[in-house]
There are 2 protein chains.
Amino acid sequence: MHHMSESLSINNSSRSAIVLLSGGLDSATTLAIAVNQGFTCHALSFDYGQRHDVELECAKRIADQLGAASHQTISLNLRDFGGSALTDDIDVPKNRDESQMVEDEIPVTYVPARNTIFLSYALALGEIKGCGDIFIGVNAVDYSGYPDCRPAFIHAFEKMANLATKAGVNGKQLTIHTPLIQLPKTDIIERGLKLGVDYGLTHSCYDPDDQGRACGCCDSCILRKNAFEQLGTKDPVLSHLD
Amino acid sequence: MHHMSESLSINNSSRSAIVLLSGGLDSATTLAIAVNQGFTCHALSFDYGQRHDVELECAKRIADQLGAASHQTISLNLRDFGGSALTDDIDVPKNRDESQMVEDEIPVTYVPARNTIFLSYALALGEIKGCGDIFIGVNAVDYSGYPDCRPAFIHAFEKMANLATKAGVNGKQLTIHTPLIQLPKTDIIERGLKLGVDYGLTHSCYDPDDQGRACGCCDSCILRKNAFEQLGTKDPVLSHLD
């Protein structure tokens, strides 16, 4: 009882966090959760030469809508490196059903070391801003094919991060928060809707049209479309396809 | 005996490695060691808004001199983040003796999460090029004040890296090589001289003059100057101060 009241009395309002914000459904929900937990949130996005760079505009609008204290976009050069359908001229798979997005296969849309690089920047920004908390919307359920979305990776990164920085050296713990890591897409959307996320502002499509609108048939579109349907509603970003 | 001949027969000539190359004395020596071990070396440098960006020109010349198969410079945006004397307008300490560069103090020239970010890019490039070997010239003797130069950090990064990538998932081990980590500066220079490193091409100074020449009195200049003197010779980059 005493323990419980202590745990309820935790107030994060004086604490700030770095929140990785891609502009997609998962990261928007993650930002809403971090804000709801009382953190002052510094949203961090990356321009890494992704073909779906409309998501960066979305990230900005989502940061505003959800009340992030700041939003910063860092330009990377992953396109120079190549090696992924998201940055290279490899075809994005279309019209697969969820059973084809199998667990032990790594999708061609995988970007090498992407989350490692993103988290490393979050670590740097966190150290400068004095934040001991980083939020990332990785999910091990829908995308377990990505090695850098698994809990074991996140734990290893957290351990490394605590050895990498002054904060770690000085005994201040750095925590990587992954509030979505074990949630099915339907639960993520339900939570986000309760917290007021406007999913019409989000972008998840790997292959948008010239106007930046979702294609409705890449793996990413299908996963969210199915989840909205299971919740008895429709994905607001697919209304142009009705 | 049998074991020894096996170990001597290791031929790395079909293996390629990513070598982080700043253009300084340590990374030049590291590249020479990797080349000498038979690796096809892809050198990787970073333009991170450092005030001593003359080192990037040096890196290019060193990569050529030592026979790297390729050399790539990636632009980062650490200057946007601020927080270090190397990228901010904080004064670089001058004329300190080595006892003042104490072990448990983190120098103001520390760049937050720098090696974490550099190694993350090396990881991405290594995955694309199919390299399971990354070389970094960190040293825990002279710069133990930097948290991300310690063996514990390197081990934790290696563990994380093996969980982060397809290679790790597929059971192919990724190795972070730190051939200098326990060597005093004099030993590093001796090794490099034997391997033909032209230290006149290297640049380590934190605060070079308008012509890019070493100041001779920042911590970095003093450490190498003392080491060359202990070896009974002179640091070739300080000849303009004679």
### Summary
The FRET efficiency for B:Asp209 and B:Thr233, from their Cβ-Cβ distance with R0 = 30 Å and rounded to 0.05, is 0.85
## Note on the structure
From the cross-link list B:Lys60/B:Lys129; A:Lys194/A:Lys234; A:Lys60/B:Lys159, the entries with a Cα-Cα span beyond 24 Å are A:Lys60/B:Lys159
### Query
To the nearest 0.05, how large is the calculated FRET efficiency for B:Gln182 and A:Ser14 if R₀ is 51 Å and r is the Cβ-Cβ distance?
0.75
### Query
Rounded if a/c is under 1.5, else prolate if a/b beats b/c, else oblate: with a ≥ b ≥ c from the C-alpha gyration tensor eigenvalues square-rooted, which is segment A:144-242?
prolate
### Summary
Counting only backbone N atoms under 15 Å from a point 7 Å out along Cα-to-Cβ of B:Val141, the residues of segment B:30-73 in range are B:30
## Note on the structure
For peptide A:146-155, the mean count of other chain Cβ atoms within 10 Å per residue Cβ is 4
### Summary
Partner shielding of A:123-133, taken as the mean number of other chain Cβ atoms within 10 Å, equals 4
### Message
Taking a point 7 Å out from Cα toward Cβ as the label site, list the nm distances between A:Ile181 and the same residue in every other copy, smallest first.
### Response
2.5
### Task
One decimal, nm, shortest first: give the distances between the label point of B:Asp210 and those of the same position in the other copies, each label point 7 Å from Cα along Cα→Cβ.
5.3
## Note on the structure
Here the net charge surrounding B:Ala122, from other residues whose Cβ is less than 11 Å away from its Cβ (Lys, Arg +1; Asp, Glu -1), is -1
### Message
Give me the dipole magnitude in Debye, nearest 20, for segment B:120-237 about the Cα centre, with unit charges on the beta carbon: positive for Lys and Arg, negative for Asp and Glu.
### Response
440
### Task
List the distances, in nm to one decimal, from the label point of B:Pro236 to the label points of the same position in every other copy, shortest first, placing each label point 7 Å from Cα along the Cα-to-Cβ direction.
6.5
### Query
Among A:222-233, A:58-69, how do they line up from the highest to the lowest mean number of other beta-carbon atoms within 10 Å?
A:58-69, A:222-233
### Query
Excluding A:Ile62 itself, what net charge comes from residues whose Cβ is under 11 Å from its Cβ, given Lys and Arg +1 and Asp and Glu -1?
-2
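Read-outs throughout are calculated quantities, based only on the coordinates presented, and are distinct from any laboratory measurement. It should be emphasised that the depicted structure is a prediction, and the values quoted were computed from it without experimental measurement. Every residue, glycine among them, receives a Cβ derived from its backbone with ideal geometry; neighbour counts consider all protein chains shown.
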